[in-house]
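Novice: Structure provided below as structure tokens; questions to follow.
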Amino acid sequence: MTETVANSLYERGFAFLPKHAAEIDASVAIRQIGSVIKLAGFDTLQTLSPKLQNEATPNTYSGNFGLDDFPFHSDLAHWARPPRYLALRCINGGIATYTQLIDSSNIVDLIGEVELRRTLVMPRRPQSGRKQLLRLLERFDGAFWAFRWDPLFLSATEECAEVLKQVALCIAGLNPHRCLLSESGDTLVVDNWRMLHGRSRVADSDVNRVIVRAYLEDIR
Ligand SMILES: [Fe+2]
């Protein structure tokens, strides 16, 4: 199973496992895929459900966009080292609400690796008391490229604002892959260093959609 996950992540930047171990607990089922990491300030497993804007914590996607489309982003893009993978597991499915995916390699091809590497962005709020400049595209562990993107939590430096506009235009012009988490156990694993993701508008049928999210460092 995990060879397939690893292959799919390598080939497409994500892997979809229909009804993965649907009968067992989410924490056990996700740990069959990879090593789950605990990040500061986050539960190991986080429960995600649609919220109206005025019912959600202000500094969150729901607090800004409510039930509307979430913009494409990579998770924790404003951290110095964003988590490598995220897993989304369906607890209560939706029939018309999608997790949309874009491969950042399209952006790198269009704008260029050199340009993106020298593009600097800044967290909108200080991290550990300071605002560290971050590269839009950088290399981790000597081998892996990581693209960071988050219109909500990152802002442009003045000299790089034009490149960020180009990236935003590029994203708007790409045709996303749409993944539906509809059946209990359906699990989507995303390479967070390569792919951008965003939930589509919550359909009226899917207001009770419940997804569990975990961050992974390695695929088993
Ligand atoms: Fe996200």
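Listed here are the residues, each with its yes/no results for (1) open to solvent by 50 Å² or more (accessible area, probe 1.4 Å); (2) touching a helix residue (DSSP H, G or I) at 6+ places or on another chain (Cβ under 9 Å); (3) more than 16 Å from the ligand (Cβ to nearest atom).
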| site | (1), (2), (3) |
| --- | --- |
| ALA143 | yes, no, yes |
| ASN175 | yes, no, yes |
| ASP191 | no, yes, no |
| HIS197 | no, no, no |
| ALA214 | no, yes, no |
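Novice: State yes or no: is PHE153 under 27 Å from LEU180 (Cα atoms), open to solvent by 30 Å² or more (accessible area, probe 1.4 Å) and not aliphatic (A, V, I, L, M)?
Specialist: Yes: the conditions hold for PHE153.
Novice: Something else now. So, in region 177-189, of the ones that are at negative phi and more than 14 Å from the ligand (Cβ to nearest atom), which residue ends up surrounded by the most Cβ atoms within 10 Å (Cβ to Cβ)?
Specialist: The residue in question is THR187.
Novice: Select the strands (runs of 3 or more DSSP E) contained entirely in region 1-108, then report the ones holding at least 3 residues which are within 15 Å of the ligand (Cβ to nearest atom) and either open to solvent by 20 Å² or more (accessible area, probe 1.4 Å) or within 20 Å of ASP206 (Cα to Cα) (or both).
Specialist: 46-48, 85-92, 98-103
Novice: Assuming PRO123 fulfils every condition listed in (1) at pLDDT below 95; (2) surrounded by fewer than 16 Cβ atoms within 10 Å (Cβ to Cβ) apart from one, which condition is it?
Specialist: (2)
Novice: Please count how many residues of region 1-57 are under 17 Å from the mean Cα position of the chain (by Cα) and among the charged types (D, E, K, R).
Specialist: Residues meeting the conditions: 3.
Novice: Another question, if that's okay. When region 199-211 is examined, which residues are found to be more than 13 Å from the ligand (Cβ to nearest atom), surrounded by fewer than 22 Cβ atoms within 10 Å (Cβ to Cβ) and under 28 Å from SER105 (Cα atoms)?
Specialist: Answer for region 199-211, where residues must be more than 13 Å from the ligand (Cβ to nearest atom), surrounded by fewer than 22 Cβ atoms within 10 Å (Cβ to Cβ) and under 28 Å from SER105 (Cα atoms): just ARG201.
Novice: Within 16 Å of the ligand (Cβ to nearest atom), over 16 Å from ASP69 (Cα atoms) and not assigned by TED's automatic domain parsing to the domain that holds GLY34: is that true of VAL163 in this structure?
Specialist: So VAL163 fails the test.
The values are calculated or read from the model by the stated rules, or taken from the named source; none is laboratory data. For clarity, every value in this text was computed on a predicted model and none was experimentally measured. Counting neighbours? That spans all protein chains shown, and the Cβs are built from the backbone with ideal geometry, glycine included. Calculation scope for accessible area: heavy atoms of the full protein, side chains included, ligands and nucleic acids excluded. Shrake-Rupley method; radii C 1.70, N 1.55, O 1.52, S 1.80 Å.
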